[in-house]
Amino acid sequence: MTTITVKKKKHIGVGSLSLALCLIGILFNFRFGDKFCIGDIILNNIGLSAWSNGDSGIHYTVFYSIIFFIPSFIIGNIYHDNKGAKAGKIISGFLSVLIVQVLITTIINFV
């Protein structure tokens, strides 16, 4: 007897926001080559400093980007049946853990 398997096709839905938020967090966070960082521009326009010592020191956009990564992880976890939800969840989860490790290391070095 032959077995028929039906592959469920994933659709774009709320879970797809997980990947979008993750990509926004990456764009907010990372510097691409010698170019500027988008997060620096946004923070400067709001009136917040992007660095702890002018243009050097601790780069605060790393910690602000967690605002995008945590909701991305939660949405990807809840709506895992949508397109891009699994990728957004995995990437944002990994980057969130990495940022928390950097934060803990930074705190330990200053104590």
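The values are calculated or read from the model by the stated rules, or taken from the named source; none is laboratory data. All of these numbers come straight from a predicted model, not from anything done at the bench. All Cβ positions, glycine included, derive from the backbone under ideal geometry; neighbour counts span all protein chains shown. Ligands, DNA and RNA are excluded from the accessible area calculation, which covers all protein heavy atoms including side chains. Shrake-Rupley method; radii C 1.70, N 1.55, O 1.52, S 1.80 Å.
Figures for the structure shown
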{"read-out": "Among Gly25, Gly13, Gly39, residue whose mean-square fluctuation peaks in a GNM of the chain (springs only between Cα atoms under 10 Å)", "value": "Gly13"}
{"read-out": "Solvent-accessible area per residue for the chain (1.4 angstrom probe, square angstrom)", "value": "71"}
{"read-out": "Efficiency of FRET from Cβ geometry, Val14 and Val111, R₀ 41 Å, rounded to 0.05", "value": "0.50"}
{"read-out": "Reach of Lys9 by Cα under 26 Å, taken over lysines that are not fewer than 8 positions away in the same chain", "value": "Lys83, Lys86, Lys89"}
{"read-out": "Neighbourhood net charge (9 Å Cβ-Cβ; Lys/Arg +1, Asp/Glu -1) for Ser18", "value": "+2"}
{"read-out": "Top positive-direction residue, dipole computed over the chain with Cβ charges, set Ile104, Phe68, Ser16", "value": "Ser16"}
{"read-out": "0 to 90° range, to nearest 10: angle between helix 66-78 axis and the chain longest Cα axis", "value": "10"}
{"read-out": "Sparsely packed trypsin sites (Lys or Arg not before Pro) within region 1-55, loop by DSSP, other Cβ within 10 Å at most 10", "value": "Lys7, Lys8, Lys9, Lys35"}
{"read-out": "For Ile58, distant residues with modelled amide H under 5 Å away", "value": "Ser52, Asn53"}
{"read-out": "Extension gain (nm, one decimal) between Val97 and Ile74, 0.36 nm per residue minus Cα-Cα", "value": "6.9 nm"}
{"read-out": "Full-extension gain in nm, Phe30 to Ile42, via 0.36 nm per residue minus C-alpha separation", "value": "3.0 nm"}
{"read-out": "Whole-angstrom gap from region 68-111 to region 1-67, using each part's C-alpha centre", "value": "10"}
{"read-out": "Accessible surface of the chain, 1.4 Å probe, proportion on carbon and sulfur as whole %", "value": "69"}
